[in-house]
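Read-outs: derived from the displayed coordinates by stated rules, not from any lab. Computed from a prediction, not measured in an experiment: that's the story for all the values here. Every residue, glycine as well, gets a Cβ built from its backbone with ideal geometry; the counts of neighbours run over all protein chains shown.
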């Protein structure tokens, strides 16, 4: 038996075991114990008490809906906008490469930098957005205090950074659509817009599926943006937890007063299960829609 | 609670080599490390957060050819991340420096069973009287183990804008305003008069700082003496009702330490604020060009302390004896005076306080107020042991401040209170 | 679609690009005025003359150069390591037949769907238990290999190297590892460059992991140094002019990288999309 193929893949699995599998398993184990805040060792086994605590915590419920809300506000407009821009880029533009690079620009602005810049744009009293709103005679928006407004502000950061990236992915898929299909549609008398909806969109469904599933997994773990958006040092995601996300919840729980680590571990596992469930559902639903329309 | 970020270090006695070898080696934790002696070039490590004003002191120490050992300091920008690391490394049983700085409000959590045995006992009969009582005692467990030396203290005076007072027809002279700051009743009454006359300004800087000031005078705000959590008590409800009642009229309804709060220093946003010594430099740097700030030697309802930190020695240190020696040196009078000069942390060391009072410095920015004299007098007004800080003090305080912020942002006080009680319940 | 776009398309695209640039412009505007002006209403719309003042204050507040060096080292090591191990593994999965290779590849793909950020909390615990917390090593360890890298290289190498070529090398008496170096690596070069670029950017912009593992340490990356500017400015008081100047300074290195390699980045994303 040849050994080398195994040697080549071993480094990946070894590191993954150490930095991925082992800590997750270990935290799963600890989630069934108590561990006093400053104690050097874990305490007695407590069964599912830590899980029960997290599931009954109103803040966790809030964090769940916040995460879903921010996710929807970032992914839906983003996919639509990216598709529209991609359709516009999929033409005989002058300076094609330049345009493509330009839409990708925000991708090199790190999430932390994005969050700090948008945090200042959305500052409640002195931010530019509110000054503009005020100047046109509308009441200022409580970007940090109002729940929906804070979601919108945070989602705008995600959209800023990722729309261009997804545009390019969708553009690649659009370019792979055979021109014969368009020609056939044109012969049938379909206009540009109609061609787009009846020819282009159905052809790029697999790519859309890819974009949606990856953005689900990433979007549900959102952390950097809401954390840096937070104006007070408790990092609770607003005074009323209005934009605390699930990942922030884990982070905060690991610093709370009673059994911080085991509770955070329990929360971690609950969230992993939630995300996997949603990703699978997402996958199944999209597939179903795709099947139906193919029929 | 950005205030937590601003605490720094300060003071003690004069005798330099106060070595208290006795206590350091005893103690009970299982994470007790094997002790080893340090030579001149061996390194003793210390971590501080924010600015304790120690850079120069440590440079000088290391430049001394006769030093018993060398010191290396790690400076962390802020208390909160440092608290997390401290917690992690206490759990891990290693990783901490020989001396660690601990913020005052968090100290009670480290005094609890299970936590306190991870720190060396620093008690030393010769040092007991070096610091203001209330600061020293706040780092002592019920059975008398001393786990920290006070670096600084935050006795509170009140800062006020004399120019805005005049505009409202209130007295503005440092002596003449004292009656306003006699009691909370007189303070709020004057506030209502003020906002009626000067509609563009509010009476105080934030609801949070007034709540903090009132809490600092309560006896058992969050926990009873046996550390049972009890937030539904008349004392706390009184603070809550008062602060939320005046939120609309007297408070600018902004979060402490944020941009909007900072902006208010410059645009006449408010007229008064509780003022521990470390707040002076904040005011100056926020509003360098504003004229009219002054400091009154009075505080509604008595006195109060806001802030102050400690130096502690974890049991995992391998050089506890030297660590204690160095912590004692840093908190001696000369060094606390030096730290005050470097970073503005008002000393907890009594002799250092006296040195500053004798210098009789005045501050031109604050209309030549005798700052050191005022703070010494304010320190004397602080009642030791108040408020009682249980093991969850800083957690609950954070939740309480958040609850007030909710009301400032438009929640009904009842809803917000309910959320607060619930959140405290799941601590 | 092969149509000449009209005025409308150019207009809309320009608007989108302007929208993309605007936040950076705003950051520069705020970063170039005094801290008093920055929060004074109405807000400034044009840059002021204080950028260098603010930048100097950034350098006073945080150890910018050491954070920059850390970011470069960490991202560089991560990029090199990911490229090396992914090429090896990708080559193995793409071209070598061995027992368990399908299961292995399925596992790689599955791990791409796992919320890895959530493993970071327990990982922090593991690392602080063994005394690694607060070090550059700890930051880089989880980024030494990525499932995406393995997947990406496999997809590329499946088509990039004809099987006959490997056969030929083997017949010539090349050892396995020599075949890898002489056949696979040259063929994989374009993909390696793109993967290196991606990994570098990914590690560079990562915030949560360095934040967790470096908190309370004096080692910082550019991203966590920014957080320190936010939470602990001079005197503990918010200073957004300082913050925006720092944000912009921290963004400049990647902007330079983007200008230099933007074409490859665009190509890489579009290629990955078709394959993915």
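What the table shows:
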{"quantity": "Where Rh is the Kirkwood radius over Cα pairs, Rg/Rh for the protein assembly as shown", "calculated": "1.00"}
{"quantity": "Relative counts (whole %) of C-alpha pair distances in the range B:317-390, using bins that are 10 Å wide", "calculated": "18, 38, 30, 12, 2, 0"}
{"quantity": "Centroid-to-centroid separation of the range B:362-387 and the range A:16-39 [C-alpha atoms, Å]", "calculated": "49"}
{"quantity": "Residue C:112/residue A:203 FRET efficiency (R0 30 Å; Cβ-Cβ; nearest 0.05)", "calculated": "0.75"}
{"quantity": "Cα gyration tensor shape for the range B:338-377, rounded if a/c is under 1.5, else prolate or oblate", "calculated": "oblate"}
{"quantity": "Average Cα contact separation per residue, chain B, under 8 Å, 6 or more apart, as relative contact order %", "calculated": "31"}
{"quantity": "Neighbour-count ranking [beta-carbon atoms within 10 angstrom, fewest first] of B:98, B:363", "calculated": "B:363, B:98"}
{"quantity": "Among C:153, C:201, C:112, residue whose mean-square fluctuation peaks in a GNM of chain C (springs only between Cα atoms under 10 Å)", "calculated": "C:112"}
{"quantity": "Order of B:395, C:218 under a 10 Å beta carbon neighbour criterion, fewest first", "calculated": "C:218, B:395"}
{"quantity": "Additional length obtainable on full extension of the chain from residue B:113 to residue B:414, 0.36 nm per residue less Cα span", "calculated": "104.9 nm"}
{"quantity": "At q = 0.15, 0.23, 0.24 Å⁻¹, base-10 log of I(q)/I(0) for the range B:37-115 (Debye sum, equal scatterers on each alpha carbon)", "calculated": "-0.61, -1.10, -1.14"}
{"quantity": "C-alpha long axis of helix A:111-121 to longest principal axis of chain A, angle in °", "calculated": "80"}
{"quantity": "FRET efficiency for residue A:72 and residue B:66, using Cβ-Cβ distance with R0 set to 56 Å, rounded to 0.05", "calculated": "0.25"}
{"quantity": "Value of D in µm² per second that Stokes-Einstein yields for the range C:84-243, Kirkwood Rh from Cα pairs, at 20 °C (1.002 mPa s)", "calculated": "116"}
{"quantity": "Largest-first ellipsoid semi-axes for chain B, taking √(5λ) over the Cα gyration tensor eigenvalues, angstrom", "calculated": "37, 25, 17"}
{"quantity": "Label-point separation, residue A:41 to residue C:252 (7 Å along Cα→Cβ), nm", "calculated": "5.4"}
{"quantity": "Part-to-part distance (alpha-carbon centres) for the range C:8-31 and the range A:140-159, which is given in Å", "calculated": "20"}
{"quantity": "Fewest-first ranking of C:145, B:337, A:272, B:43, using other Cβ atoms within 10 Å as the exposure measure", "calculated": "B:43, A:272, B:337, C:145"}
{"quantity": "For chain C, calculated [θ]222 nm from helices alone, where every DSSP H run of n ≥ 4 adds -39500 (n - 2.57)", "calculated": "-23500 deg cm²/dmol"}
{"quantity": "Cα extents of the range A:1-90 along the three principal axes, largest first (Å)", "calculated": "61, 56, 22"}
{"quantity": "Span from the the range A:62-81 Cα centroid across to the the range C:99-154 one, whole angstrom", "calculated": "26"}
{"quantity": "Cα gyration tensor category, rounded, prolate or oblate, for chain C with a/c compared to 1.5", "calculated": "oblate"}
{"quantity": "Computed FRET value (nearest 0.05) for residue A:192 with residue A:274, which takes r as the C-beta separation and R₀ as 35 Å", "calculated": "0.25"}
{"quantity": "Relative contact order [Cα under 8 Å, 6+ residues apart], the range C:63-231, whole percent", "calculated": "43"}
{"quantity": "Pairwise label distance in nanometres, residue B:166 with residue C:137, each label 7 Å out on the Cα-Cβ vector", "calculated": "6.6"}
{"quantity": "The range A:57-294: relative contact order in percent, alpha carbon pairs under 8 Å with at least 6 residues between", "calculated": "27"}
{"quantity": "Semi-axis lengths, Å, chain A, gyration tensor of Cα atoms, sqrt of 5 times eigenvalues", "calculated": "40, 29, 18"}
{"quantity": "Estimated distance in nm for a label pair at residue B:421 and residue A:181, the labels positioned 7 Å out from Cα along Cα-to-Cβ", "calculated": "6.1"}
{"quantity": "Among B:150, B:370, B:347, residue whose mean-square fluctuation peaks in a GNM of chain B (springs only between Cα atoms under 10 Å)", "calculated": "B:370"}
{"quantity": "Shape call, the range C:161-249: gyration tensor on alpha carbons, a/c limit 1.5", "calculated": "prolate"}
